[in-house]
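The values are calculated or read from the model by the stated rules, or taken from the named source; none is laboratory data. What you see is a predicted model; the values in this text were computed from it and never measured. Using ideal geometry, Cβ is built from the backbone for each residue, glycine included, and neighbour counts are taken over all protein chains shown. Calculation scope for accessible area: heavy atoms of the full protein, side chains included, ligands and nucleic acids excluded. Shrake-Rupley method; radii C 1.70, N 1.55, O 1.52, S 1.80 Å.
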Amino acid sequence: MTAAIPPGSPRPTIGGPATERAVCVLAPNPSAMTLDGTNTWLLSEPGSEIAVVVDPGPLDEGHLRDVIATAQASGKRIGLTLLTHGHPDHAEGAARFAELTGTRVRALDPALRLGDEGLTAGEGITVGGLELRVVATPGHTADSLCFEIPADAAVLTGDTVLGRGTTVVAHPDGRLGDYLDSLRVLQALAVEGGVETILPGHGPVLTDARGAVEFYLAHRANRLAQVETAVEEGHTTPQAVVSHVYADVDRTLWPAAELSVRAQLDYLREHGLI
Ligand SMILES: [Zn+2]
């Protein structure tokens, strides 16, 4: 939501190999909200013939076929499809992708699944020797998940942490208290769990996971204080708070900012701060 850049050294280009086990295939859906487009992640253990796809992206036949071709070019077939959350820029193409690849789709939200397997927090997933761990990170949406790749000291963050700017707490489904808790979970993964690299759902890879998450925590605290002050100064409607607090943000993003403001107002009310 801002032009601010999290710390670390973002890779200058998006798409292609990011870690030993993760390759990004960029979807052709750039916008103010999706940045350069959705990052579809192709994951596999070195030497394995099976790959896992996280977030097939929008329903764009060319992109879905690109993802399959990228796997095939390195001698791999796709064995499983996972979703970080249900927003259409991540999940809309999942059913078609599953059809093209003959894979199941696993997600937290039962409505997004194809096949009978869901995902639960803390669960380990092993496919072709690749080990992933499911991390529940509600807040951007109620169904948001991250996937840790312990062998790469990396975590796929969907829309919970982006490669540029900050994300939206998509009120009313997304809740700020949950989001702050989720950022602290990611902070612990970086500080105590050894995770160094963030593979986001949009924007470039971040190489300082701890710095990026702490930047997000500081940004949220800052915005929350600004919203609290704006309300105290008499800007009581969500729209008035947006035009006061998000004056530095491109106006095309104000409708999204309003969702975050509504989430922040709920949080402040629940904590008796306004
Ligand atoms: Zn999203």
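The set of residues in region 172-181 that are within 13 Å of the ligand (Cβ to nearest atom) and not in a helix (DSSP H, G or I) comprises ASP173, GLY174.
What about THR166, is it surrounded by fewer than 24 Cβ atoms within 10 Å (Cβ to Cβ), within 16 Å of the ligand (Cβ to nearest atom) and either at positive phi or part of a loop (DSSP other than H, G, I, E, B) (or both)? Answer is yes for this residue. Selection of region 18-47 for residues being of a type in the set (Gly, Ala, Ser) and open to solvent by 20 Å² or more (accessible area, probe 1.4 Å) yields ALA18, SER31, ALA32, GLY47. In region 128-148, the residues that are touching a residue at least 60 places away in the same chain (Cβ under 8 Å) and in a loop (DSSP other than H, G, I, E, B) form Cβ pairs under 7 Å with partners that are surrounded by 22 or more Cβ atoms within 10 Å (Cβ to Cβ) and of a type in the set (S, T, N, Q), at six or more places apart or across chains, as follows: GLY128/SER44; SER144/THR84; SER144/THR137; SER144/THR160. Considering (1) at pLDDT 95 or above; (2) open to solvent by 40 Å² or more (accessible area, probe 1.4 Å), the lone condition that SER144 does not fulfil carries the number (2). Scanning region 236-267 for residues that are open to solvent by less than 80 Å² (accessible area, probe 1.4 Å), touching a residue at least 24 places away in the same chain (Cβ under 8 Å) and of a type in the set (Val, Ile, Thr) yields VAL241, VAL249, VAL261. Is region 187-198 home to any residue that is in a helix (DSSP H, G or I), over 17 Å from ALA22 (Cβ atoms) and in contact with a Gly (Cβ under 6 Å, 6 or more places away or on another chain)? No. Against the list (1) closer than 21 Å to LEU186 by Cα; (2) more than 16 Å from the ligand (Cβ to nearest atom); (3) surrounded by 18 or more Cβ atoms within 10 Å (Cβ to Cβ), the condition HIS90 fails is (2). Candidates THR81, THR103: the one that is in a loop (DSSP other than H, G, I, E, B), crowded, with 20+ Cβ neighbours inside 10 Å, away from the ligand (no atom under 16 Å from the Cβ) and of a type in the set (Ser, Thr, Tyr) is THR103.
Taking the conditions (1) buried (at least 16 other Cβ atoms within 10 Å of the Cβ); (2) modelled with pLDDT of 95 or more; (3) assigned to a helix (DSSP H, G or I); (4) in contact with a Ser or Thr (Cβ under 9 Å, 6 or more places away or on another chain) in turn, ARG223 satisfies each one other than (2).
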